[in-house]
Structure formats: C-alpha cells, structure tokens
Amino acid sequence: MTAASHPVDTRLRHPFYLHDDGINRPAGPDKHWRYGRLAAESDPVVPIVREVAGELTPAYLICRHADVREVLRRQDVFSRAEAGSADPVDIAGTMLGMDGPEHAQARDSIEDFFTPAAVARLSDRIEAEAEARLAVLTARGGRADLIADFALPFALHTIGDLPADIQVKLPISLVVGGRETAASSIGTFFHVLHTRPYGDHPTAWAHLVAHPEQVDRAITELERLHSTGNADAMPRRVRADVRLPSGVSLRKGDIVVPSPDAANRDPRVFPDPERMDFGRDPNPHLSFGYGPHYCVGAHWGALQVRVALRLLLRELPGLRLAVPPEQVRWKAGQLILGPEALPVRW
Ligand code: HEM
C-alpha cells in the first residue's frame with residue numbers, strides 16, 4: 001500500500017482544534033474525538049494539510065502505535081531537522097533540531113542529570129517544595145487558583161533545583177516548557193479527576209483519595225489520555241523511500257506527522273482505549289515521544305506531577321473546583337494543553 005497523493009483541498013485540516021484565525025484552541029482536557037476514530041480505522045496513514053503560522057503543508061498523519069514508534073525511532077530515515085515547514089516550534093539550534101551524531105553528542109552531555117536515579121535523588125527537595133507551596137496555598141483561606149498559587153510556582157522552583165549548567169545546555173524554550181508542562185499536567189489531571197466518575201466513586205479524585213496506592217498508575221493513564229503535548233508537534237521529513245510496519249509505503253520528501261494522541265488510542269495495543277483504567281498494565285503510551293528524542297525531562301516531569309497530586313490528595317482530600325468545569329478556560333496555542341487558571345476551594 002502506498003500513501004496516495006491527495007490534492008491539498010481534500011485533505012483533513014490539522015491540528016484539529018484550529019480556528020479560522022489560525023489559532024489552535026482545545027475546548028477542554030479531552031483530545032479531539034478524531035484521534036480515537038483514526039487509530040481504530042483501517043487506514044493507518046491519513047492525508048492532512050498541516051497549518052503552521054498560516055502556511056499550509058501537505059503531510060501524512062501517522063496513527064498507529066507501531067508506525068509512530070518506527071517513525072520516532074528511525075532518525076536515519078525520518079528527520080526532524082528537515083521538517084521545518086510543518087513544525088510549530090522553531091527548533092533550529094536545539095537538540096530537537098539535530099539528527100544523528102550531533103544529536104547524540106548534545107544529548108550525552110546532559111542525559112546523566114536526567115536518569116531515573118539522578119531524578120530520584122532530587123525527590124526529597126521536590127517534596128519539600130510541594131509542601132512549602134501547599135502551606136502558602138492553605139494560608140490563603142478556602143479559595144485559590146491552583147495554577148498561579150500552587151502548580152506554577154512549585155514547578156518554577158523545582159526547575160531551579162536542576163544544576164545551572166544544564167539549564168544553559170538545554171534549549172531555553174524547553175526549560176520554560178518543562179515548567180509549563182508540569183504545571184499544566186497538574187491542572188489538566190486535576191480537572192479530569194474531578195469531572196468523571198471512577199469505580200464506585202462519583203469522581204476519580206474520590207477514588208484516588210480512597211486508593212492512594214493507585215496514584216502512580218493513574219498518572220501514567222492520564223498521561224496517555226490527556227497528555228499536555230498538543231497538536232502533534234513532532235513532524236519529520238522522509239529521507240528515503242520506506243515501508244512502515246503497517247505496510248504503508250512513504251516516499252522520499254514526504255512530511256509525516258506521527259500522532260501520539262492517535263497511537264495512544266490504538267486498540268491493537270490498548271484494549272478498550274477510551275476507557276480510563278488505572279490498572280492498565282502495560283501502558284506503553286507515547287506522550288513523551290520515543291527513540292532518540294525521547295523526552296529527557298520525562299522522569300523528572302512525571303515525578304513532579306506525582307509528588308504534587310499525592311500531596312494534594314493526602315492533605316486536602318476535599319479540594320475541588322470552585323466553578324462549573326465548563327467555565328474553565330484552556331490555553332490557546334499550538335503546543336501545550338492546560339487550563340489558564342483553575343479556581344479551587346476546600
Ligand atoms: C510533563 C510533560 C512533558 C511532555 C508531555 C513532554 C513531551 C516531550 C516529547 C513528546 C518529546 C519528543 C519530541 C520529538 O520527538 O520530536 C520531548 C522532548 C524533549 N523534552 Fe519533554 N515533555 C515534558 C516535560 C519536559 C520537561 C520537564 C523537560 C525538562 C526540562 C523536557 C525536556 C525535553 C527535551 C530537552 C527534549 C528534547 C530531547 C531530544 O531532542 O533528544 N520535557 N518532550
């Protein structure tokens with residue numbers, strides 16, 4: 001099977017929450033309904049027109065888990081550096097914009113700081129920081145903004161714990177992104193936990209208050225279904241004709257957009273994929289990417305989110321939204337999903 005060429009005007013416009021003014025505006029914490037549909041469909045690769053800053057680029061959305069992994073794994077065939085026209089971020093000069101040996105060298109120089117063991121050594125400080133922030137939050141009385149008064153300052157201070165020299169080597173946008181992603185994950189997951197039932201409980205939050213031992217797996221499941229990664233921001237250009245595991249052939253020069261949100265709903269890998277299941281095991285979601293560019297901040301970001309939510313569940317089990325959930329406003333833009341503010345009370 002070949003990914004047939006479709007004229008631009010018959011292709012699906014992407015990202016899916018793009019409005020007429022060219023801005024991507026997710027309406028809430030749910031990923032677009034198309035992702036689940038595309039992952040289950042018989043066509044593993046879907047012709048799209050990728051719209052970035054008003055520019056249109058024909059591309060192929062890669063929807064199956066095995067294919068997405070293959071695209072992200074094989075830097076020799078799928079180049080991020082050469083996919084600039086479909087890329088919502090200017091990655092020139094950053095690690096994401098490098099391929100091959102140059103990338104390996106840049107990555108080597110910082111990777112030791114981010115191993116699970118290195119991150120675990122920071123965990124006491126992360127916990128102390130979360131407790132200090134919680135004390136500030138509760139001192140405000142019974143109402144606050146969980147983002148501005150807790151999640152953002154917490155993430156900002158913990159990023160300060162990373163040695164200064166890594167901050168120089170990391171692309172600054174990703175350091176900022178690292179802070180914003182952790183804070184956004186805390187806010188997004190809080191909203192999701194409070195707005196759906198789970199097991200015998202009226203909310204998934206109440207379920208986790210009763211079952212704190214499930215928090216780690218719950219967060220992995222939330223990363224799968226509600227990752228802060230938005231709009232499939234990892235385009236690659238095909239460097240040589242190639243066949244994907246699904247059997248689809250791609251041609252040299254094609255732009256492909258691997259979709260972690262579709263792959264995370266691939267029923268071949270995740271049975272009953274739309275179901276939020278805190279017992280899901282294994283849970284090989286692709287929200288942090290895969291292969292050579294796999295998110296270096298993954299352990300560290302996930303640890304911050306775990307520490308924050310565990311603490312809130314334990315110390316403020318009655319914490320809840322102070323406004324109807326549909327009144328929460330979500331950040332517009334290509335990259336990071338999350339609430340702008342999250343009024344809460346306890
Ligand atoms: C918690 C939410 C986060 C999500 C969902 C996330 C997601 C991702 C994804 C999908 C990639 C791969 C991009 C690609 O292959 O094109 C990536 C790469 C990267 N992330 Fe994250 N990330 C998160 C947090 C962080 C944090 C906290 C940091 C660190 C300070 C960080 C630093 C990086 C860096 C430096 C890369 C580039 C790695 C490379 O090119 O080798 N991220 N991230």
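Computed over the Cα atoms of the stretch 14-160, the ratio of the radius of gyration to the Kirkwood radius (Rg/Rh) comes to 1.05. For the options Asp30, Asp108, Asp43, a Gaussian network treatment of the chain with springs between C-alpha atoms closer than 10 Å singles out Asp108 as fluctuating the most.
Measuring nothing but how far apart in sequence close Cα pairs (under 8 Å, 6+ apart) lie, relative to its length, the chain scores a relative contact order of 29 percent. Kindly provide the Kirkwood hydrodynamic radius of the stretch 8-345 in Å, to one decimal, from all pairs of distinct alpha carbon atoms. The Cα-based Kirkwood calculation yields 20.7 Å.
The simple spin-label model puts a point 7 Å past each Cα toward its Cβ; for His6 and Arg329 those points are separated by 3.5 nm.
For the stretch 1-100, the mean projected area of the C-alpha convex hull, equal to one quarter of the hull surface, is 7.7 nm². Note on the chain: with a GNM built from Cα contacts shorter than 10 Å, the maximum mean-square fluctuation among Gly318, Gly289, Gly93 falls on Gly93.
Of the trypsin sites (Lys or Arg not before Pro) in the stretch 203-310, which ones lie in a loop per DSSP and count no more than 14 other C-beta atoms within 10 Å? Loop-located and lightly packed - Arg251, Lys252, Arg268, Arg275. As a proxy for reagent exposure, ranking Val305, Val242 by other Cβ atoms within 10 Å from fewest up yields Val242, Val305.
Loop-located GluC sites (Glu not before Pro) across the stretch 1-55 with a Cβ neighbour count of 14 or fewer within 10 Å are Glu41, with loop assigned by DSSP. Stretched out straight at 0.36 nm per residue, the stretch from Glu340 to Thr94 would grow longer than its current Cα-Cα span by 85.8 nm. Taken as entire DSSP H runs, the helices of the chain that both span 18 Å or more between Cα atoms along their own long axis and average -1.0 or more on the Kyte-Doolittle scale are 123-138, 172-195, 298-315. What residue among Trp300, Trp33, Trp330 shows peak mean-square fluctuation when the chain is described by a Gaussian network model with Cα springs under 10 Å? Result for the chain, Cα springs under 10 Å: Trp33 fluctuates most.
No value in this document is a laboratory result; all are computed from the given coordinates. Remember, it's a predicted structure, so these values are computed and weren't measured experimentally. Backbone-built Cβ (ideal geometry, glycine too); neighbour counts: all protein chains shown.
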